[in-house]
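Here the structure is laid out as structure tokens; the discussion comes afterwards.
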Amino acid sequence: MSEQKIVEIFLVAENRLLREALIRLLTKRSDIRVVGANVYSTDVHQEILASRPDIIVMDSSGLLSSKANLIPSLHSAIPDLRVVMVDMDPDESTFLRAIREGVVGYVLKDASATEVAATIRAVAAGEAVCPAPLSMILFRSVAQQMTFPTTLSLGADLGLSQREQQMVELLRERLTNKEIAARLNLSEQTVKNHVHHILRKVGASDRSTIVERCFSPRTQIRAALI
């Protein structure tokens, strides 16, 4: 019989109570070993590189802070590293941003100790895990992104760049600047700048008019002929 592999994890969370609760929870598991724990800081990156864990278990605060590049930078240094996120609420924009940055396991605050441990083991085994209610959000997001190649041309003859045409797609969904920023992994100010440029190029006075002009039958016919 083969020896059970021990999964080594590093905890990163701003909330001390959450860190201590996760440490107590996970150290009771014979197949999981906590090799480090810390808050988001300038030192945590080096601590993780030194311990080289199999998995990082983190909360969402770091993803939403200025240190949100932690996951991509760690993946560059440790390609096999996997990330599990513990989030407080099922927020759609946070969830999708986490997926885009490389999170492959996602659990919510109401998850049991058994569910958290099971998620860690599944991720260590190469699986991706998310709560059932969030699965529909993920499928819908992928489906919407898959429509971009067929609809991106709709604003091309209006002088819109590919990024601006993606913005129009999201404006069509009536997303706010904050929601668009999360969807495209941009800053909210960058989104505001893009929307301003689109308004000027399309000759529109508001967001609804942008969508109306880009998706009018006349525009679609012109785009189909390009």
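Table: residues versus (1) outside the structural domain of residue 188 (by TED's automatic domain parsing); (2) within 19 Å of residue 115 (Cα to Cα); (3) modelled with pLDDT under 95; (4) under 21 Å from the mean Cα position of the chain (by Cα).
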{"site": "14", "(1), (2), (3), (4)": "yes, no, yes, yes"}
{"site": "21", "(1), (2), (3), (4)": "yes, yes, yes, no"}
{"site": "38", "(1), (2), (3), (4)": "yes, no, yes, no"}
{"site": "63", "(1), (2), (3), (4)": "yes, no, yes, yes"}
{"site": "66", "(1), (2), (3), (4)": "yes, no, yes, yes"}
{"site": "69", "(1), (2), (3), (4)": "yes, no, yes, yes"}
{"site": "78", "(1), (2), (3), (4)": "yes, no, yes, yes"}
{"site": "83", "(1), (2), (3), (4)": "yes, yes, yes, yes"}
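Just to verify a result, which residue in segment 170-226, among those that are acidic (Asp, Glu) and in a helix (DSSP H, G or I), is modelled with the lowest pLDDT?
Here the answer is 212.
Please specify each residue of segment 40-50 satisfying the condition of being part of a loop (DSSP other than H, G, I, E, B) and either under 21 Å from the mean Cα position of the chain (by Cα) or of a type in the set (Asp, Glu) (or both).
Correct list: 40, 41, 43.
Answer with yes or no whether residue 34 is part of a strand (DSSP E or B), more than 18 Å from the chain's Cα centre (by Cα) and not assigned by TED's automatic domain parsing to the domain that holds residue 188.
Answer is yes for this residue.
Given the conditions (1) assigned to a loop (DSSP other than H, G, I, E, B); (2) surrounded by fewer than 17 Cβ atoms within 10 Å (Cβ to Cβ); (3) not charged (D, E, K, R), report the number of the one that residue 53 does not fulfil.
(2)
When you check residue 113 against the structure, is it at pLDDT below 90, farther than 30 Å from residue 170 by Cα and of a type in the set (Gly, Ala, Ser), yes or no?
yes
The values are calculated or read from the model by the stated rules, or taken from the named source; none is laboratory data. These numbers were taken from a predicted model, which means no experiment stands behind them. In this analysis, Cβ positions are derived from the backbone assuming ideal geometry, glycine residues included, and neighbour counts consider all displayed protein chains.
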